[in-house]
Amino acid sequence: MSEESTGFLYPMIDGDDAGDLDTLLEDLATSATSKSRTSAELTSTTLGALDQQLDLVAREMADRFARGGRLFTCGNGGSATDAEGVAALFAVPPGGGRPLAARSLVADVSILTALSNDIGFEVVFSRQLIAHAREPDIVMGFSTSGNSANLIAAFEHAAGAGLLTVGIAGYEGGAMAASDAVTHCLVVRSDSVHRIQEAQSALAHELWHRVQRHLPDPALA
Amino acid sequence: MNGDEITTAAERELGELTRDLATTSLAMARRFRAGATLWCVSPTWPHHARHVAVEFVHPVIVGKPALSALIGPAEEPIAGLRASMTRGDLVLAIGDGHDVVTADLMRRAHAWGVETIWIGAGPRPPAGAADHVLWLDDAPGTAAVDGRFILLYHLLWELTHVCLEHRGRLREPAPVCEGEVCITCSDDGQLAEVVSVRDGEAQVRTAEGPRIVDITLVDRAATNDLVLVHAGSAIARVSDEVPA
């Protein structure tokens, strides 16, 4: 949730209802074009800036997968759906990559509602990790603000249990960038929640691609 | 392909897409203002359907109104949506052009009076498969596609809200009748889905609402069959086959 007040998003479209429909449609298309370009530029800048960090994270993840590690992903709202998408990408890769053990911690509504109802929403991910996680597992959390309390709690438990912790954040990285419990924090530097999520998706796909490349040859294991 | 050609193709795709996004958003705003629910479905990528629903129900910009959006059931989506969707609703599906569940859903939605939006990538579905087709040329599953799907539905959300703030432009144009035959007012090959069958007649759902039609001209018609209706009679059953 952000407090973007943007005159609403489209300053070029005035509030005059008498204007004709074609003008409205043209203005909408122009605005969509400009936002699409911003999204593509942010993705490209982010991938460029994080190139070396991505490679390091991918190597460490590949090493953990090779040692039997599993990936747990988490996030809230739209980021929860991105976390689900990434777990599916690792576990059932399209076009024939190596399937890797990966599960989203938002998949089970019974567990999420049980923990929220009985204890509180801040523990929905950390309590699941207490049950499942062990070295050499990996936890990856998505948050546009970088401040989600339930992700920070999950990272803190995970770090204590010897997991590799990967945070995917936006803005300036928020609490995730500042936390010692987050081994690697990959930050999409933007202040638009939507543009951040679009670039985070590309970032996660690039990470998956590099993990696949760094996995040891199974025949040599 | 050299760099200039790649840029030109990308620019052409972007130009077409943004025009489609504009008209789709206007149509969505009109339906929402009339009380529609947006049904979100993705048999292949269910997380995308969930993402669309959360955008509309819980807006990222404080102060924007929550709009009614729900995800379709994961198991037997068509059966569940048939029971839940009402005339005037919207359905948005995300799936590639070979997604047979989406193709069938889009077609049946026409008979339910539901406006259809299909977001996808790779080879396109057949022309007319949905009212609004928002398509990326990249192959599905390639790295960039997922983020661009997210971009497309983010833009749909943003543009729909812009349209909702321009109330005067949301009035639907009245249907124009030209010549002696008007498709809207007559029933020239109207698509219908059979609800129940009894004594040579069937209760059917159509875009204009429920009606009773004669089914003696088709050899057999069962519940959930799609039929073409003309002048009060079912004249043909619509094939279940979906072109690949």
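The values are calculated or read from the model by the stated rules, or taken from the named source; none is laboratory data. In this text the structure is predicted, and so the values were computed from the model without any measurement. Don't worry about glycine lacking a Cβ; one is built from the backbone with ideal geometry, like all the others, and counts go over all protein chains shown. Note: accessible area is taken over every heavy atom of the protein model, side chains too, but ligands, DNA and RNA are not part of it. Shrake-Rupley method; radii C 1.70, N 1.55, O 1.52, S 1.80 Å.
In terms of the Cα gyration tensor, with a ≥ b ≥ c the square roots of its eigenvalues, is region A:104-184 rounded because a/c is under 1.5, prolate because a/b exceeds b/c, or oblate? Before the final figure, lay out the partial values.
On the way: a/c = 2.00, a/b = 1.28, b/c = 1.56.
Since a/c reaches 1.5 but b/c is at least a/b, the shape of region A:104-184 is classed as oblate.
For the set A:214, A:132, solvent exposure ranked by accessible area (probe 1.4 Å, protein chains only) runs largest to smallest as A:132, A:214. Spin-label model, residue B:10/residue B:23: points 7 Å from Cα along the beta carbon direction are separated by 2.6 nm. The angle between the Cα long axis of helix B:46-57 and the longest principal axis of the Cα atoms of chain B comes to about 80 degrees, rounded to the nearest 10.
Relative to its Kirkwood radius, the Cα radius of gyration of chain A gives an Rg/Rh of 1.04.
With a 1.4 Å probe, how much accessible area is buried between chains A and B, both sides summed, in Å² to the nearest hundred?
Working: alone 11370 and 13040 Å², together 20870 Å².
Chains A and B together bury approximately 3500 Å².
For the protein assembly as shown, DSSP calls about 35 percent of its internal beta bridges antiparallel. Based on every Cα atom in chain B, Rg and the maximum pairwise Cα distance Dmax equal 19.2, 66 Å. Working note: Debye formula, equal point scatterers on the alpha-carbon atoms of the protein assembly as shown, no solvent; log10 I(q)/I(0) at q = 0.05, 0.12, 0.13 Å⁻¹ is -0.21, -1.08, -1.21. When the Cα atoms of region B:70-173 are aligned to their principal axes, the ranges along those axes come out at 41, 30, 25 Å in descending order. Hydrophobic long helices, here whole DSSP H runs in chain A with Kyte-Doolittle means of at least -1.0 and Cα atoms spread over 24 Å or more along the helix axis, are found at A:21-49, A:193-214.
Apolar share of the accessible surface for region A:107-219: 51 percent from carbon plus sulfur atoms, 1.4 Å probe. Length gained on full extension, residue A:147 to residue A:41: 35.7 nm, using 0.36 nm per residue less the C-alpha separation.
Solvent-accessible area of chain B (1.4 angstrom probe, protein heavy atoms only): carbon and sulfur portion equals 53 percent. Note: relative contact order over region A:40-216, using C-alpha pairs below 8 Å and six or more positions apart, is 26 percent.
For every helix of n ≥ 4 consecutive DSSP H residues, a contribution of -39,500 (n - 2.57) applies; sum these over chain B, divide by its total residues, and give [θ] at 222 nm rounded to the nearest 500 deg cm²/dmol. Intermediate values should be presented prior to the final figure.
On the way: 5 runs with 85 residues, N = 244.
Counting only the DSSP helices, I get -11500 deg cm²/dmol.
Relative contact order of chain B: 17 percent, from C-alpha pairs under 8 Å at least 6 residues apart in sequence. Put the Cα centre of region B:1-70 next to the Cα centre of region A:79-129 and the gap is 25 Å.
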